[in-house]
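Visitor: So that we are looking at the same thing, I have put the structure below in structure tokens.
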Amino acid sequence: MTRERLFIFDTTLRDGAQTQGVDFSVEDKRQIALALDSLGVDYIEGGWPGANPTDTAFFSERPALKHARFTAFGMTKRAGRSAANDPSLAPVLDAAVDSICLVGKTSTYQVRVALEISLEDNLDNIARSMEAIVGKKREPLFDAEHFFDGYKADPDYALTCLKTAHEAGAQWLVLCDTNGGTMPEDVFRIVSEVKAKLPDARLGIHAHNDTEQAVAVSLAAIRAGARQVQGTLNGLGERCGNANLCSLLPNLMLKEPFASQFETGVSHENLKQLTHVSRLLDEILNRSPDRYAAYVGASAFTHKGGLHVSAVAKSPETYEHVPPASVGNKRSMPVSSQSGRANVAANLNIEGDKPDLARLLQDVKHREFEGYSYDDAAASFELLALRQQKKLPRYFTVEQFSVTVESVREDGDQMHSRSKAAVELMVAGQKIRNAGTGNGPVNALDAALRKDLGKYSPFLADLRLVDYKVRILTSGTEAVTRVTVESADGKGNRWSTVGVSENIVDASFEALTDSIIYKLYRDKAPA
Ligand SMILES: [Zn+2]
């Protein structure tokens, strides 16, 4: 059976840019567009040329797309002006793009209240705007704003708007659930009715996530006949976001009835980039990735319960709905007081004879009670096992360390603080005294600790701290501080270590030294 083509339209750079707290630069947009293109989406909506300096600059130099159609967004012309003379539409029509997607009203309520024009004028605006795109030899798409709400209130007018756009040359009629409040069953019914009334038109769906159902709404529309689906990476978008392409794509490609019925521009090989592309967007936005996100979250294939882990070790399908590799994600089995021996065994990369798993698990549970957590600190767990087996060389010992924080009032009447640290170490029988400064005590300690580690210094040249997390928790009756440090090296390896103490400096120091020791061990530094 030949599969039908389903088109993927990405609007991360346009609708996604309306997310609270998101502000793309031109370079961000370029980088995201290239990543989307290599994933294989069909359309990349870059923004609204002329609406703001970033979008204007982005459209002034077309990104080097190999596959996707570069698309500009805009609004249908305003009443009383020609399309060419409308200052907000003209730059859109002139943009060097393949396709132009114009949003227009299809709800009588919106035409009256928001536009304050006659229903006929709105139809005329739609028709003239679509014709103008055809005149510019670009592919016209019509975003039917508030379509579902409009259709429920006045189906004849909503359909007339679609028909008008279609007859004026629109290649796609994209039905928008702009306010995101429509239920999947209603979307299925309405798209089916539109399909029956306009059998020649190609329909699309643009859903918002205000009922946490944007993906379900999109799938319902596709089942009813929509052949283009719009969404954003990580569900970025105004209010609660848009339909999340990072869930939609795998649902369409890995789940029935979609997988057998449709073909998209994204190959199964490219789908393996999905986790990477999702994280790339977070990296660009300087956000930490949602670890609980479906398919691409760090926890999406994490097995913590002991029973689950031992079953997954026998056969992954026991607790995984799809193979993690199909979306480029990874399975993980953190160690905690919830785990059994199978988690412990799964987290050991130790060569030679295995440690006593029961004793190690006992140790983990005891240390969790003290405030440690190895969920997020696999490197510290490995060190724990190595120490228990007495396999970990004593690379160096810390004799003492101190930190001072000094705040001084400066000329501009602002307080400026400086931190200084001193560390005394023994390395291969030699005493080393290091001093370091930093913008905070932990920073200064890190600088002092790594400044000179004798023969180990070359091993640490490419070590850097990429994340630092502090939690105050109550363990037993005391309040303790848990610090988790994530480190990286020049080869792209990342590892996390943990420290716990009544004070933040000691806890940080423990996590920092664990990080260094882990790197020395992994890179086989001589004892
Ligand atoms: Zn939208």
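Visitor: When D23 is evaluated against the numbered criteria (1) surrounded by fewer than 24 Cβ atoms within 10 Å (Cβ to Cβ); (2) within 22 Å of V174 (Cα to Cα); (3) not polar (S, T, N, Q), which criterion, by number, is the only one it fails?
Guide: Every condition holds for D23 apart from (2).
Visitor: Output the residue which, of all residues in the range 59-84 that are among the small types (G, A, S) and surrounded by fewer than 22 Cβ atoms within 10 Å (Cβ to Cβ), is farthest from T12 (Cα to Cα).
Guide: That would be G80.
Visitor: Right, something else. Given the residues L219, L198, which is the only one that is closer than 23 Å to M75 by Cβ, of a type outside the set (S, T, N, Q) and open to solvent by 10 Å² or more (accessible area, probe 1.4 Å)?
Guide: Of L219, L198, the one residue that is closer than 23 Å to M75 by Cβ, of a type outside the set (S, T, N, Q) and open to solvent by 10 Å² or more (accessible area, probe 1.4 Å) is L198.
Visitor: Another question, then. Which pairs turn up if I take residues in the range 442-460 that are closer than 17 Å to G499 by Cβ and look for partners that are among the basic types (K, R) with beta carbon separation below 8 Å, at least 6 apart in sequence or on another chain?
Guide: Partner pairs satisfying both residue conditions: A444/K420.
Visitor: Among D15, D37, D23, which is the only one that is away from the ligand (no atom under 16 Å from the Cβ) and in contact (Cβ under 8 Å) with a residue 12 or more places away in the chain?
Guide: Sole residue among the options that is away from the ligand (no atom under 16 Å from the Cβ) and in contact (Cβ under 8 Å) with a residue 12 or more places away in the chain: D37.
Visitor: Which pairs do you get when a residue that is aromatic (F, W, Y), found in the range 318-338, comes within reach of a residue that is part of a loop (DSSP other than H, G, I, E, B) and buried (at least 18 other Cβ atoms within 10 Å of the Cβ), reach meaning Cβ atoms under 8 angstrom, with the pair 6+ apart or on two chains?
Guide: Going by the 8 Å Cβ cut-off, the qualifying pairs are Y319/H303.
Visitor: Looking at (1) over 15 Å from T513 (Cβ atoms); (2) surrounded by fewer than 11 Cβ atoms within 10 Å (Cβ to Cβ), which is the only condition A428 fails?
Guide: Of (1) over 15 Å from T513 (Cβ atoms); (2) surrounded by fewer than 11 Cβ atoms within 10 Å (Cβ to Cβ), only one is false for A428: (2).
Visitor: Which of the numbered conditions does G499 fail, given that it passes all the others? Conditions: (1) at pLDDT below 95; (2) closer than 20 Å to E382 by Cα; (3) touching a strand residue (DSSP E or B) at 6+ places or on another chain (Cβ under 9 Å).
Guide: (1)
Visitor: Could you check, for the range 374-384, whether at least one of its residues is under 20 Å from K314 (Cβ atoms) and among the aliphatic types (A, V, I, L, M)?
Guide: no
Visitor: Within the group A96, A196, A114, which residue is within 21 Å of F7 (Cα to Cα) and either outside any loop (DSSP other than H, G, I, E, B) or modelled with pLDDT of 95 or more (or both)?
Guide: After ruling out the rest, the residue left standing is A196.
Visitor: Just to be sure I understand the filter: pairs with C-beta atoms under 8 Å, separated by 6 or more residues or on different chains, first member in the range 221-232 and over 19 Å from E145 (Cβ atoms), second member among the polar types (S, T, N, Q) and surrounded by fewer than 24 Cβ atoms within 10 Å (Cβ to Cβ). Which pairs pass?
Guide: Partner pairs satisfying both residue conditions: A224/S192; G225/S192.
Visitor: Further question: Given the conditions (1) open to solvent by 80 Å² or more (accessible area, probe 1.4 Å); (2) under 21 Å from A377 (Cα atoms), and given that G340 satisfies all but one, which numbered condition is not satisfied?
Guide: (1)
Visitor: Right, next: Taking the options R522, R494, R482, name whichever one is charged (D, E, K, R), open to solvent by 30 Å² or more (accessible area, probe 1.4 Å) and at pLDDT below 90.
Guide: Step by step, each of R522, R494, R482 is checked, and only R494 is charged (D, E, K, R), open to solvent by 30 Å² or more (accessible area, probe 1.4 Å) and at pLDDT below 90.
The values are calculated or read from the model by the stated rules, or taken from the named source; none is laboratory data. Quick caveat: nothing in here was measured; it's all calculated off a predicted structure. Here the Cβ is made from the backbone with ideal geometry for all residues, glycine too, and neighbour counts use every protein chain on show. In case anyone asks, the SASA skips ligands and DNA or RNA and just uses the protein heavy atoms, side chains included. Shrake-Rupley method; radii C 1.70, N 1.55, O 1.52, S 1.80 Å.
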